[in-house]
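I have placed the structure first, in the form of structure tokens, so that the comments after it can refer back to it.
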Amino acid sequence: MNGLVVIQNEKPMTTSLLIADKFNKPHADLLKVIRKTITQLPVEFSQGNFSESEFTNERGRTYKCYEMTRDAYSLIVMGLNGKGALDWKVKFIQAFNMMESELLKKTNNLEWKQARLQSKEVRLSVTDTIKDFVEYSAKQGSKSVSMYYSNITKMEYKALELIEKNQKVPKGFRDTLDVMDLSFLNSAEQVARASLREGMDNGLHYKEIYILAKERVMSYAKTVTFARIETTKGE
């Protein structure tokens, strides 16, 4: 069920891409169904449950897609049939139930709300520094500056063992983290931010700066891994 539903703007959501894939339907055909359905709905319902978005395919081309709430999903898949369709309908419902349960527990927890707010503030300061690092690296001839935001973020996630190697990070990933992991992530991001800033201030080559940030984040992660494991055992 993982990956079928994600938290987006504090709502459990799925996408037209996932539905088309799991129900073995051409995405273009599903978009026609969605758009026709939207025209038949009250505006307040369609605006609150369907959100037009974009995705980029493997060839780098950008296309439209839709993000949908449970209610929107239910309307769209109501008429979808075919081999395995019933099983996927159940799996999506279970995934929505699971995410709604997790969201309810977290949004009712003041401590988690405070931790999430703090993580957003930290993230903003980190992205500002990464932006400076992107400009710094570009001046030194780096051809991969567009990847630095995602690469540095994934480096932090992997160091803290929040994701597996080569695992794709879904939208709303941070909203699924508990208070402890948010706290550790905040610290790891501060370590990365300080390392990037120090490297730029000292005029190091961009590759050296990235290695410095990675080594320091890994070093920090090693100090908290045991705490994370022990806490998990005790739950």
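Checked against (1) open to solvent by 30 Å² or more (accessible area, probe 1.4 Å); (2) closer than 23 Å to GLU215 by Cβ; (3) of a type in the set (Asp, Glu), GLU100 meets all criteria but (2).
Beta carbons closer than 7 Å, at least 6 apart along the sequence or on distinct chains, pair a first residue in region 189-208 that is closer than 13 Å to ILE130 by Cα with a second that is loosely packed, with under 15 Cβ neighbours inside 10 Å for ARG193/SER125; GLY199/GLU208; MET200/ASP132; TYR206/GLN140. Out of PHE96, PHE92, PHE133, PHE173, one residue alone is in contact with a strand residue (DSSP E or B) (Cβ under 6 Å, 6 or more places away or on another chain), in contact (Cβ under 8 Å) with a residue 60 or more places away in the chain and of a type in the set (Phe, Trp, Tyr). It is PHE96.
Applying the criterion of being of a type in the set (A, V, I, L, M, F, W, C) and at pLDDT 85 or above to the residues of region 208-235, the residue that is farthest from GLY141 (Cα to Cα) is ALA221. When VAL90, VAL77 are checked against the criterion of being buried (at least 19 other Cβ atoms within 10 Å of the Cβ) and more than 23 Å from ARG174 (Cβ to Cβ), a single residue qualifies: VAL77.
Only a single item in (1) basic (Lys, Arg); (2) open to solvent by 90 Å² or more (accessible area, probe 1.4 Å); (3) under 29 Å from MET99 (Cβ atoms) is not met by LYS214, and it is number (3). Restricting region 129-173 to residues that are open to solvent by less than 40 Å² (accessible area, probe 1.4 Å) and among the aromatic types (Phe, Trp, Tyr) leaves a set whose member that is farthest from GLY3 (Cα to Cα) is PHE133. Only residues that are on the phi > 0 side of the Ramachandran plot and under 24 Å from the mean Cα position of the chain (by Cα) were counted in region 24-60, giving 1.
Pairs are defined by a Cβ separation below 8 Å, a sequence spacing of at least 6 or placement on different chains, a first member in region 63-74 that is more than 12 Å from SER46 (Cα to Cα), and a second member that is of a type in the set (Ser, Thr, Tyr) and at pLDDT 90 or above; the pairs so defined are LYS64/SER53; CYS65/THR15; CYS65/SER16; CYS65/SER53. Of all positions in region 179-195, at least one carries a residue that is more than 15 Å from TYR157 (Cα to Cα) and surrounded by 18 or more Cβ atoms within 10 Å (Cβ to Cβ).
The values are calculated or read from the model by the stated rules, or taken from the named source; none is laboratory data. Fair warning: this is a prediction, and the values are worked out from it, not measured in the lab. Please note: Cβ atoms are built from the backbone with ideal geometry, for glycine as well, and neighbour counts cover all protein chains shown. Surface accessibility is based on the protein's heavy atoms, side chains included, excluding ligands, DNA and RNA. Shrake-Rupley method; radii C 1.70, N 1.55, O 1.52, S 1.80 Å.
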